[in-house]
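Asks: I'd like to ask some things about the structure below.
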Amino acid sequence: MKRYVLLPLLCGYLGLAQAAQPFKGTLYDSENKIFLHLDLYEESIEVPGMEMFGPMNGYMNGNLYGVWTITSSKIEDDKDATFRLSNDLGSETQEVKLTVANDSTYLLEQVDGSVLKKVVGKKLVKIPRDLTFHLRP
């Protein structure tokens, strides 16, 4: 009986915690197969293969050319944040805006800088400037 009471309470608490910190978690764009791991509140995320740089605010990987790390960020309000991504070589940067559409959907808009690309066959192909991410549990 206690299990049936505790589970909804725990789920409700986790939902409130996510709502209180919407810019922390793992997001996934299933259409483009891209992950966005972020914590814009503090530098707490270790980037695989880049541990020597210490914890960062996050990174983007998956079906991308390289790994893109978050080098700076600013939370504008409860729904909007901007941050700068840099590729794993440090040679390209990208300014993006992340908007919370609802509890589990996020919209990412590439604002300025280099275009993100992915490898298709043996060619680099541009990724759309607007991406839709969903919160991963």
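Asks: State, to one decimal in nm, how far the label point of ILE75 lies from the label point of ALA20, with both points 7 Å from Cα in the Cβ direction.
Replies: 1.1
Asks: At what distance in nm do the modelled label points of SER114 and TYR65 sit from each other, each positioned 7 Å from its Cα along Cα→Cβ?
Replies: 0.8
Asks: For the chain, with every protein chain kept in place, what is the accessible area per residue (1.4 Å probe, Å²)? Each step should come with its number before you reach the end.
Replies: On the way: 8450 Å² over 137 residues.
Normalised by residue count, the accessible surface of the chain is 62 Å².
Asks: On to the next question. Would you grab the residues whose amide H sits under 5 Å from the one on ILE127? Only those 5+ places off in sequence or on another chain, please, with H modelled 1.01 Å from N.
Replies: Amide H to amide H, under 5 Å and 5 or more residues apart or across chains, ILE127 pairs with LEU116, LYS117, LYS118.
Asks: Does anyone have the angle between helix 2-20 and the longest principal axis of the chain? Alpha-carbon axes, 0 to 90°, nearest 10?
Replies: Once rounded, one gets 40 degrees.
Asks: Something else about it: Quantify, in whole percent, the carbon and sulfur part of the accessible surface of the chain (1.4 Å probe; protein heavy atoms only).
Replies: Exposed carbon and sulfur together represent 56 percent of the surface.
Asks: Moving to a separate point now. Grab the Cα-Cα distance for LEU124 and GLU51, subtract it from 0.36 nm times how many residues apart they are, and report the gain in nm with one decimal.
Replies: Numbers: separation 73, 0.36 × 73 = 26.28 nm, distance 2.72 nm.
Additional length available on full extension: 23.6 nm.
Asks: Quick one: Cα centre-to-centre distance for the stretch 55-71 and the stretch 93-137, in angstrom?
Replies: Measuring centre to centre over Cα atoms gives 11 Å.
Asks: Right, something else. Once phi is turned into θ = phi - 60°, what whole-Hz ³J(HN,Hα) does the Karplus curve with 6.51, -1.76 and 1.60 give for every residue of the stretch 27-33, x standing for Gly and Pro?
Replies: Result, ordered by residue: 10, 9, 9, 5, 5, 9, 6 Hz.
Asks: Something else about it: So what's the net charge close to ASP80: Lys and Arg +1, Asp and Glu -1, counting the other residues with Cβ under 14 Å from its Cβ? Mind showing how you got there, number by number?
Replies: Working: positive: LYS74, LYS79, LYS97; negative: GLU76, ASP77, ASP78, GLU95, GLU109.
Surrounding charge for ASP80 is -2.
Asks: Would you list, by chain and number, the lysines whose Cα falls below 29 Å from the Cα of LYS74, excluding same-chain residues fewer than 8 positions away?
Replies: Counting by Cα, and skipping residues close in sequence, LYS74 has these lysines nearby: LYS24, LYS33, LYS97, LYS117, LYS118, LYS126.
Asks: Additional query: For a test of the definition: using alpha carbon positions, the gyration tensor, and the 1.5 limit on a/c, classify the stretch 35-127 as rounded, prolate or oblate.
Replies: On the way: a/c = 1.78, a/b = 1.21, b/c = 1.46.
Oblate shape, in that a/c is at least 1.5 and b/c is the bigger or equal ratio.
Asks: Multiply the residue gap between THR99 and HIS134 by 0.36 nm, knock off their C-alpha separation, and tell me the result in nm, one decimal place. Please report the intermediate quantities before stating the final value.
Replies: Values: separation 35, 0.36 × 35 = 12.60 nm, distance 1.16 nm.
Extra length from THR99 to HIS134 when fully extended: 11.4 nm.
The values are calculated or read from the model by the stated rules, or taken from the named source; none is laboratory data. Everything numeric in this text was worked out from a predicted model, so none of it was measured. Glycine also receives a Cβ, built like all others from the backbone with ideal geometry; neighbour counts cover every protein chain displayed. The protein model used for the area step is the full one, side chains on, heavy atoms only, and it has no ligands, DNA or RNA in it. Shrake-Rupley method; radii C 1.70, N 1.55, O 1.52, S 1.80 Å.
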